[in-house]
1. Scan segment 389-399 and tell me whether some residue there is assigned by TED's automatic domain parsing to the domain that holds ILE289, assigned to a helix (DSSP H, G or I), closer than 30 Å to ILE123 by Cβ and not basic (Lys, Arg).
2. How many residues are in a helix (DSSP H, G or I), surrounded by 14 or more Cβ atoms within 10 Å (Cβ to Cβ) and not aromatic (Phe, Trp, Tyr) if we restrict to segment 76-92?
3. Of these, GLU227, GLU211, GLU176, which one is surrounded by 12 or more Cβ atoms within 10 Å (Cβ to Cβ), closer than 30 Å to ARG333 by Cα and acidic (Asp, Glu)?
4. Say we look at segment 1-43 and pick out the residues that are hydroxyl-bearing (Ser, Thr, Tyr) and at negative phi; which of these is surrounded by the most Cβ atoms within 10 Å (Cβ to Cβ)?
5. Test ASN323 against the criterion of being within 25 Å of SER95 (Cα to Cα) and either in contact with a Leu (Cβ under 7 Å, 6 or more places away or on another chain) or not in a loop (DSSP other than H, G, I, E, B) (or both), and give yes or no.
6. Here's a check for you: in segment 39-61, which residue that is over 49 Å from the mean Cα position of the chain (by Cα) and in contact (Cβ under 8 Å) with a residue 12 or more places away in the chain is nearest to ILE101 (Cα to Cα)?
7. Which residues, taken from segment 93-103, are surrounded by 12 or more Cβ atoms within 10 Å (Cβ to Cβ) and either among the hydroxyl-bearing types (Ser, Thr, Tyr) or in the same structural domain as VAL416 (by TED's automatic domain parsing) (or both)?
8. Scan segment 228-250 for residues that are part of a strand (DSSP E or B) and of a type in the set (A, V, I, L, M, F, W, C) and jot them down.
Amino acid sequence: MDIKESAIKYKLEKREGSIVKVDLEIDSSEREVILDKAYKYLVQKINIPGFRKGKAPRPILERFLGNDFYIEAIRIAAKEIFNYILKKENLEPYSLPDFNIPSYWKENEKLAFSFTVEVVPKIRIGKYKNFKIDKRDLQVSSEEINKVIEQLKLQNSKLKPVENREIIEGDLVYVERETRDGRKLEPLWIRINGSYDPEIEKELIGMKIGEQKIIETKFPDDYLDREFAGKTIPITWKIKKVWTYEFIEDDELAHKYGLESIDELYNKILDNIFNAKLSQERERLIDEIIDKILENSEIDPPQSMVLTITEVVLNDVQRDLKNEGKTWDEYLREIGKTEEEYIESLKEIAKRKIQEEMILDYIAEKEKIEVTEDEMRIAIEEFAKEENKDINVIRRTLEREGKMESLRKSILREKVKEFLINENTK
């Protein structure tokens, strides 16, 4: 570095998001050194009328470029000192720096400027074993299984319109609602089985098509229309249509899912519910273990990484809302958050996701956990089975799209999760 270290003074501030801000000064004694360096660089780049490239005297070049000459000189000095400070402080840049530099450097004055830069975070992982977390006892009740079977029966049964009888339990009812001043609310389809609101359903039982009744209606706190949210208001309920279900027979239902009997379907549902609970329990354990690891670790993901993931998640949410026919403002009202609050919550989720991945990658390296070729093959076979394609076709597709390493990383992190569960649960 051409600038003397003794002529440089700086103050370094570490900020959240692995951002470093540096305020610095260069003594006026280095002004000529820096301007001369800028001259030697610029004279080779600029064509000045009347001079061959590289031969124009410095005063001519300064007059020709005007203030741009000093701006370029300051940029050269800033870049040089930026690299000097990174080396001196043992920092590795994660993104390009953002300089705040003046446009001129007066004689006999210090040059003061600053820069901010994201740096590769220095990760410190503390204890990650022997937390002795209790596993929950997982059970599946017959009520849970029967509820799923009932739902499957509803999906596979026929609806028959009801004309001249009162509403009874089990019917599907279409109702319209309005306030006393004639304001219409959204219509509802209600299955009279206690799943909507037992008190409201009790009032509807016994009514017929065309009848209406004023019912004291309590609206939930998160109701979309904030005027009604959390309030109990007299609402006129009008019965417009009623259907009854013609239920499918048990064994016929089983046959629809490729099974021989309702008993096989029962056991299949039991397995599915248990596996879902097992997956939820596994995620709960991992979340608790990661929380405990974070308590005694230092992991500050780069801000740009957090913002990138936040933007991806936000775009996915907004795309899904569009597909559902729901506006962004409607969704924000539904969840009771402003746009700023929601984005901040996404940033926290993104930060936590990055921290978890950094922890898993660190432990994989420290514990020498690796993915075998057999494990890769099994994973590709599962993809092929799901897609009903040849395994070699799936493998070539993954290789062509550059997704093999991503698959390996995914398998590796799942193996580390299993390691953490085994090491930290009783």
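1. Among the residues of segment 389-399, at least one is assigned by TED's automatic domain parsing to the domain that holds ILE289, assigned to a helix (DSSP H, G or I), closer than 30 Å to ILE123 by Cβ and not basic (Lys, Arg), which makes the answer yes.
2. Within segment 76-92, the subset in a helix (DSSP H, G or I) is 76-89.
With the extra rule that they be surrounded by 14 or more Cβ atoms within 10 Å (Cβ to Cβ), the set shrinks to 76-78, 80-82, 84-86.
Checking which are not aromatic (Phe, Trp, Tyr) leaves us with 76-78, 80-81, 85-86.
Final tally of qualifying residues: 7.
3. Working: GLU227 fails: surrounded by 12 or more Cβ atoms within 10 Å (Cβ to Cβ); GLU211 fails: closer than 30 Å to ARG333 by Cα.
The conditions single out GLU176.
4. Our first condition is that a residue be hydroxyl-bearing (Ser, Thr, Tyr); within segment 1-43, this holds for 6, 10, 18, 28-29, 39, 41.
Cutting the leftovers down to at negative phi gives us 6, 10, 28-29, 39, 41.
Details: SER6: 9, TYR10: 16, SER28: 15, SER29: 13, TYR39: 20, TYR41: 13.
Restricting to residues being hydroxyl-bearing (Ser, Thr, Tyr) and at negative phi, the top hit is TYR39.
5. Values: within 25 Å of SER95 (Cα to Cα): no; either in contact with a Leu (Cβ under 7 Å, 6 or more places away or on another chain) or not in a loop (DSSP other than H, G, I, E, B) (or both): yes.
Criteria not met by ASN323.
6. Going residue by residue through segment 39-61, those that are over 49 Å from the mean Cα position of the chain (by Cα) are 39-40, 43-44, 47-61.
Okay, now just the ones that are also in contact (Cβ under 8 Å) with a residue 12 or more places away in the chain, so 39, 43, 48, 55-56, 58, 60-61.
Details: TYR39: 19, VAL43: 22, ILE48: 27, LYS55: 29, ALA56: 27, ARG58: 23, ILE60: 25, LEU61: 22 Å.
Looking at the filtered set, the residue picked out is TYR39.
7. From segment 93-103, those surrounded by 12 or more Cβ atoms within 10 Å (Cβ to Cβ) are 93-95, 97-102; that's our starting set.
Listed by number, the residues that qualify are TYR94, SER95.
8. We begin by selecting, within segment 228-250, every residue part of a strand (DSSP E or B); these are 232-246.
Across segment 228-250, the qualifying residues are ILE233, ILE235, TRP237, ILE239, VAL242, TRP243.
The values are calculated or read from the model by the stated rules, or taken from the named source; none is laboratory data. All of these numbers come straight from a predicted model, not from anything done at the bench. Positions of Cβ are generated from backbone atoms using ideal geometry, with glycine treated the same way; all protein chains shown enter the neighbour counts.
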